[in-house]
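Here the structure is laid out as structure tokens; the discussion comes afterwards.
The values are calculated or read from the model by the stated rules, or taken from the named source; none is laboratory data. Just so it is clear, the structure is predicted and the values come from calculations on it, not from any experiment. Neighbour counts are summed over all protein chains in view; Cβ atoms, including those assigned to glycine, are modelled from backbone coordinates with ideal geometry. For the accessible areas, the whole protein counts, side chains as well, though only heavy atoms, and no ligand, DNA or RNA atoms are used. Shrake-Rupley method; radii C 1.70, N 1.55, O 1.52, S 1.80 Å.
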Amino acid sequence: MSFDLSVFSNKNIILAVTGGIAAYKSAILVRRLKDYGFNVRVVMTHGAQAFITPLTFQALSGNSVHTELLDPEAEAGMGHIELARWADLVLVAPASCDTIAKFAAGLADDLLSTLYLATKAPVWVAPAMNQQMWAAKPTQRNLNTLVEDGVHVIMPEAGSQACGDVGLGRMPEPEDLAEQVKNYFHQAQRAIAEKFGLLAGKRVVITAGPTREAIDPVRYISNHSTGKMGFAIAAACYSAGAKVTLLAGPVSLDTPNGVRRINVSSAIKMLDESMHQLEEGCDVFIATAAVADYRVAEVAEHKIKKAGDELNVSLVKNPDIVATIAQQSKRPFMVGFAAETRNVEEYAAGKLVAKKLDMIACNDVSRADIGFASDQNAMTVFFAEQYQMEKRDLEKASKQEIAQQLVEAIHDALNHKIEPV
Ligand code: C5P
């Protein structure tokens, strides 16, 4: 699964490292959290500094490391109260017995224990310790107290330990911890999007990529569509709170996070699946696929052998998927695309009417800097006459930004009072 890193660029994580051999894993944890786009600040206890230096974390996090409670210099930069407010999540990994006991008792005699009391952010602890210390009654008692106080305790894993023992007490791998953090924020964002997003409560179906029309068992007719625009729109619709199904032709792209992907190959299969989706319920249908206009009349059962200087293959017209869906009695809001090399706006406006669309986005594929394989695009959006909405020019931008603007256009049209034609 791919992930849009910018999603978490406004999320702040305090990674608190306490004394334990697992502290070395926290260095990798910082890297993974940064990979996901989080802002990371590291707090270290004195015990942690016996295992790993603040300089390591400073280099990895790109921020100075916080170690002292009442160091005037540090407090002048970001004091413990500001640090507590800055955090969207405090992750203590590894969490030593001592830190867990301090949290449970409500002590405030160093930076981390004070921070714990001063923050409103969720606090997660990932205990890591010798298996006997983990099992010890005071540790379990303290952990129960933390759970009662609303702390999320990440269970340690079982296995061989640095001290030679075998049992529970290993800190989970940094990749796992980073993923749990990502999932937490992702679910929180999703919950907000499902309630307040521009497409909250809508079911969106998107066709994307090329289709592949078989000639024989080993050959086919297709085109250069990469599917990037359709995939970017799927991601944007999901971020806007929609339930998204992506009917993807053969492309080599990762499925956007949270999107249901159904791979199809030919135009006929894409149409079948589109009709099926319509039956399941669809509020918005977005046709970005570069559907092959023609398919081979009769697909050869066996590989066609080389013979003679010419080969004639008879082609028949493929169904127009978007136009077919637009003709259905319970039709969704229909969005089409037009890729043209000349008279772009004129052709697009014609297709809007001919295919009975509600909205069409058109671009000039003769421009080398946008369209097809490019990561950028520029478009003009037209709305059907009954919407009485002005056309919109979407200036050249990344396909992600264009997708976001298309979502806004769809939202605006859906919420626009339609005038009878
Ligand atoms: O007619 P043209 O291919 O230019 O129309 C482009 C629009 O129609 C796009 O939205 C495309 O996904 C859709 N289309 C379709 N089925 C076809 C051909 C085009 O859904 N057979």
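Please find, among Leu406, Leu352, Leu357, the residue that is surrounded by 13 or more Cβ atoms within 10 Å (Cβ to Cβ), part of a loop (DSSP other than H, G, I, E, B) and in contact with a strand residue (DSSP E or B) (Cβ under 8 Å, 6 or more places away or on another chain).
Leu357
Whether any residue in the range 269-283 is under 24 Å from Phe382 (Cβ atoms), within 13 Å of the ligand (Cβ to nearest atom) and outside any helix (DSSP H, G or I) is what I want to check.
no
Among the residues of the range 298-316, write down those that are within 16 Å of the ligand (Cβ to nearest atom) and more than 30 Å from Lys330 (Cβ to Cβ).
Leu315
Within the range 46-65, does at least one residue satisfy the condition of being modelled with pLDDT under 95, farther than 21 Å from Val181 by Cα and β-branched (Val, Ile, Thr)?
The answer is no; no qualifying residue exists.
Report yes if Ala339 is of a type in the set (Gly, Ala, Ser), more than 23 Å from Val244 (Cα to Cα) and modelled with pLDDT of 95 or more, otherwise no.
Answer is no for this residue.
Is there any pair with a first residue in the range 283-305 that is among the polar types (S, T, N, Q) and a second that is not in a strand (DSSP E or B) whose Cβ atoms are under 7 Å apart and which are 6 or more apart or on different chains, and what are they?
Thr288/Met229; Thr288/Gly230; Thr288/Ile233
Which ones in the range 68-95 are open to solvent by 20 Å² or more (accessible area, probe 1.4 Å) and at pLDDT 95 or above?
Arg85, Trp86, Asp88
Just give me the residues in the range 150-181 being open to solvent by 20 Å² or more (accessible area, probe 1.4 Å), under 21 Å from Ile28 (Cβ atoms), modelled with pLDDT under 95 and in contact with a helix residue (DSSP H, G or I) (Cβ under 7 Å, 6 or more places away or on another chain), in sequence order.
If the condition is that a residue be open to solvent by 20 Å² or more (accessible area, probe 1.4 Å), under 21 Å from Ile28 (Cβ atoms), modelled with pLDDT under 95 and in contact with a helix residue (DSSP H, G or I) (Cβ under 7 Å, 6 or more places away or on another chain), then Gln161 is the only one that fits.
Do we find a residue being open to solvent by 50 Å² or more (accessible area, probe 1.4 Å), more than 12 Å from the ligand (Cβ to nearest atom) and over 31 Å from the mean Cα position of the chain (by Cα) anywhere in the range 368-382?
So in the range 368-382, the residues open to solvent by 50 Å² or more (accessible area, probe 1.4 Å) come out as 368-369, 372-373, 375-376.
If we keep only those that are more than 12 Å from the ligand (Cβ to nearest atom) too, we end up with 368-369, 372-373, 375-376.
Applying the additional criterion that residues be over 31 Å from the mean Cα position of the chain (by Cα) yields none.
Checked the range 368-382: no residue is open to solvent by 50 Å² or more (accessible area, probe 1.4 Å), more than 12 Å from the ligand (Cβ to nearest atom) and over 31 Å from the mean Cα position of the chain (by Cα).
Working carefully through the options Ala128, Ala135, Ala200, find the one that is aliphatic (A, V, I, L, M) and without any contact (Cβ under 8 Å) to a residue 40 or more places away in the chain.
After ruling out the rest, the residue left standing is Ala135.
I'd like to check something: does the range 178-189 contain any residue that is under 25 Å from Leu15 (Cα atoms) and of a type in the set (Val, Ile, Thr)?
Checked the range 178-189: at least one residue is under 25 Å from Leu15 (Cα atoms) and of a type in the set (Val, Ile, Thr).
Could you please let me know if Ala208 is out of contact with any helix residue (DSSP H, G or I) (no Cβ under 6 Å at 6 or more places or on another chain), open to solvent by less than 30 Å² (accessible area, probe 1.4 Å) and either more than 14 Å from the ligand (Cβ to nearest atom) or of a type in the set (A, V, I, L, M) (or both)?
Criteria not met by Ala208.
Looking at the range 68-81, I want the residues that are charged (D, E, K, R) and have a partner that is modelled with pLDDT under 75 with Cβ atoms under 6 Å, at least 6 apart or on another chain. Which pairs are those?
What qualifies is Glu68/Ala74.
Just name the residue that is least open to solvent (accessible area, probe 1.4 Å) out of those in the range 300-331 that are assigned to a loop (DSSP other than H, G, I, E, B) and closer than 27 Å to Arg261 by Cα. Please lay out each step first, then the result.
So the first thing to find is which residues in the range 300-331 are assigned to a loop (DSSP other than H, G, I, E, B), and the list is 300-314, 318-320, 327-331.
Then drop every residue that is not closer than 27 Å to Arg261 by Cα, which leaves 318-320, 327-331.
Details: Asn318: 16, Pro319: 37, Asp320: 60, Gln327: 136, Gln328: 57, Ser329: 122, Lys330: 178, Arg331: 81 Å².
Filtering the range 300-331 for residues that are assigned to a loop (DSSP other than H, G, I, E, B) and closer than 27 Å to Arg261 by Cα, the one least open to solvent (accessible area, probe 1.4 Å) comes out as Asn318.
Tell me which residues, restricted to the range 391-403, are open to solvent by less than 60 Å² (accessible area, probe 1.4 Å) and polar (S, T, N, Q). Full working, then the answer.
Step one: filter the range 391-403 for residues open to solvent by less than 60 Å² (accessible area, probe 1.4 Å), giving 394, 397-399, 402-403.
Matches in the range 391-403: Ser398 only.
I'd like to check something: does the range 215-234 contain any residue that is open to solvent by 50 Å² or more (accessible area, probe 1.4 Å), aliphatic (A, V, I, L, M) and within 16 Å of the ligand (Cβ to nearest atom)?
Checked against the condition, which is being open to solvent by 50 Å² or more (accessible area, probe 1.4 Å), aliphatic (A, V, I, L, M) and within 16 Å of the ligand (Cβ to nearest atom), the range 215-234 yields at least one hit.
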